[in-house]
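Inspection log for the structure reproduced underneath, given as structure tokens.
Read-outs throughout are calculated quantities, based only on the coordinates presented, and are distinct from any laboratory measurement. Since the model is a prediction, treat every value here as computed from it, not as a measurement. Virtual Cβ from ideal backbone geometry, glycine too; neighbours counted across all protein chains shown.
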Amino acid sequence: MTELARRLGLADAVFLVIGSVFGSGIFLTTGIIADDLPAPGLIWLVWAVGGILTIIGALIYAELGTLFPGAGGPYVYLREAYGHHISFLYGWTFFWIIGGGGIAALAMGFAENLGSFFPFLSPMEDLVRLSFGPLQLHLSAGHVAAILSIIVLSVLNYLGIQSGVRFQNVFTALRLIALAAFAGLAFAIGRKPGLQNLTPFMPHGPLPSLSMFGAAFLAVLWTYDGWYSVNCTAEEVRNPARTIPRALVLGTAAVTALYLLANIVYSMALPVERMRGVVRIGESAAAGLFGPGGARLFSAFIAAAVLGCLSANILFSPRVSFAMARDGLFFKSLAYVHPRYRVPANAILAQMVWSVVLCFSGTYQSLIEYVAFALLLFFTATGFAVFILRRKAPGRERPFKAWGYPVLPALYVLINLTVFIAVFFSRPVQSLAGAAVICAGLPAYFFWTARRRKSRAEGDRT
């Protein structure tokens, strides 16, 4: 049995889209963006444009997801449009870095915020430290909390997609309520100078350079990343022709509104000079609004938000490696579907093990920084796939067609490509390192292609 069970309804799919995106990023990114765009108007603008671009992407992925409602999402669309070599590099990068590194980063982020609330669980509290020449390994209480969170949530998803979705739905609902309450209290009783912080709303003098806009926009897109989660689980969605487009549009629109609301609160709480370079911007805003007690309580809220986002990423990420394995282009065992729970059991376990390894190694953050820009290339290629597939299969039934075709898909491709170029010139070393990491998948592709040919030849002889 290699087919998954269709058990996700519309509400599950919408909450999955929101939950996969709404994690720690919105509470950390704005202070970094303020370094490049030192004015509230520019900060709001880049978040709004990022949200609009994400919604346009959602419309494109809605067409592709209803055209190919199978597991794997972008991996499948790139395969159908360009062939296995491009889709393999995406799946390779996704398993080893985007998926595994993202899960490890979320788990460590959960531990860090939990440590702010419970200091004895802080990643700074070493339990064991070992030295092997220049190599040093240390296990902290934070590592234990992060690793346990990955293991527990992976087991929960192993026991069936419905058990993982129930946990995800509850935490997403709690996050939405908590953020709405935070914003409401901020405007009602928070200590803030209000509109004074918005002056000047736009900078006096020349605007920041294109490379600075590109760096800020990349940070925004990374914070929006994960919105295509429902596409990766399309094979488990009931009535995908109706559910996938609605979930993508509703989910991405909701996230855009949430992110804009959070940034408005930040701007009302802190002048832009106090935002610049502040990593934990959410806590700083809460402290400015409600004092130290508010910041401490906000840390607990962030920990819960990150845990929910971690759960969503553990739910959808293994579906990409599962799709690759089913094509014969990854470890064959990862194509196994549990006969009772109807989930990609081995793919879930493999992603769990690799994410735990990355938590131990501490290299997940540098890996993500190297390939973050490459996501723009994959987004560009997937957006352009709509044009290719309409030419390759014009008569194929399309339950949903991307709105505004060809203008909006062309705009999506153009913006992603422009930001990619800006980031490449502003960060050439990281960009070239990221390209090297991705191209390291080419020998693996040729290896698995040869194995697949050999397997087919042996099958033909028998």
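Whole-Hz Karplus values for the range 92-101 come out as 4, 5, 5, 5, 7, 10, 5, x, x, x Hz, taken residue by residue from phi with 6.51 cos²θ - 1.76 cosθ + 1.60 and θ = phi - 60°; glycine and proline positions read x. Our coupling estimate for the range 156-162, obtained by passing each phi through the Karplus curve with A = 6.51, B = -1.76, C = 1.60 and θ = phi - 60°, is 4, 6, 5, 7, x, 5, 5 Hz, Gly and Pro reported as x. Between the helical axis of 40-67 and the longest alpha-carbon principal axis of the chain there is an angle of about 20 degrees.
For LEU411 and PHE201, what is the calculated FRET efficiency with R₀ set at 22 Å and r taken between the beta-carbons, to the nearest 0.05? The value I calculate is 0.25. Placing a pseudo-label 7 Å from each Cα along the Cα-to-Cβ vector at PHE187 and ALA48 gives an inter-label distance of 1.6 nm. Please give the per residue volume of the convex hull enclosing the alpha carbon atoms of the range 328-450, rounded to a whole number of Å³. It comes to 180 Å³ per residue, whole-number rounded. For LEU8, the residues whose amide H sits under 5 Å from its own are VAL237, ARG238, ignoring neighbours fewer than 5 places away on the same chain, with H placed 1.01 Å from N. Short-range pairs are left out: with C-alpha atoms under 8 Å and at least six residues apart, the relative contact order of the chain is 34 percent.
Rg and Dmax, both from the Cα atoms of the chain and both in Å, are 21.9, 78.
The label-point distance for ALA173 and ARG238, in a model that sets each label 7 Å from Cα toward Cβ, rounds to 1.7 nm. Treating each Cα of the range 6-61 as one equal point scatterer and applying the Debye formula with no solvent, the log10 of I(q)/I(0) at q = 0.19, 0.20, 0.27 Å⁻¹ comes out as -0.82, -0.87, -1.12. Residue separation of ARG276 and PHE331 scaled by 0.36 nm, minus their Cα-Cα distance, works out to 15.3 nm of gained length. In order along the range 244-258, phi translates into HN-Hα couplings of 4, x, 5, 5, 5, 5, 5, x, 5, 5, 5, 5, 4, 5, 4 Hz, rounded to whole numbers, per the Karplus curve 6.51 cos²θ - 1.76 cosθ + 1.60 with θ = phi - 60° and x for Gly and Pro. Put a plus charge on the Cβ of each Lys and Arg, a minus charge on the Cβ of each Asp and Glu, and nothing anywhere else: the dipole of the chain about its Cα centre is then about 1200 debye. For HIS338 and LEU432, the FRET efficiency from 1/(1 + (r/R0)^6), where r spans their Cβ atoms and R0 equals 45 Å, is about 0.65. Measuring spread by the Cα atoms of the range 243-378 yields a radius of gyration and Dmax of 19.6, 57 Å.
All C-alpha to C-alpha distances of the range 169-270, sorted into 10 Å bins beginning at zero, yield P(r) values of 12, 29, 32, 19, 7, 0 percent in whole numbers. A Förster radius of 25 Å combined with the Cβ-Cβ distance from PHE447 to ILE151 puts the calculated FRET efficiency at roughly 0.25. Look at the dipole of the range 10-461 built from charges on Cβ: of GLY50, HIS338, CYS232, the Cα furthest out on the positive end belongs to HIS338.
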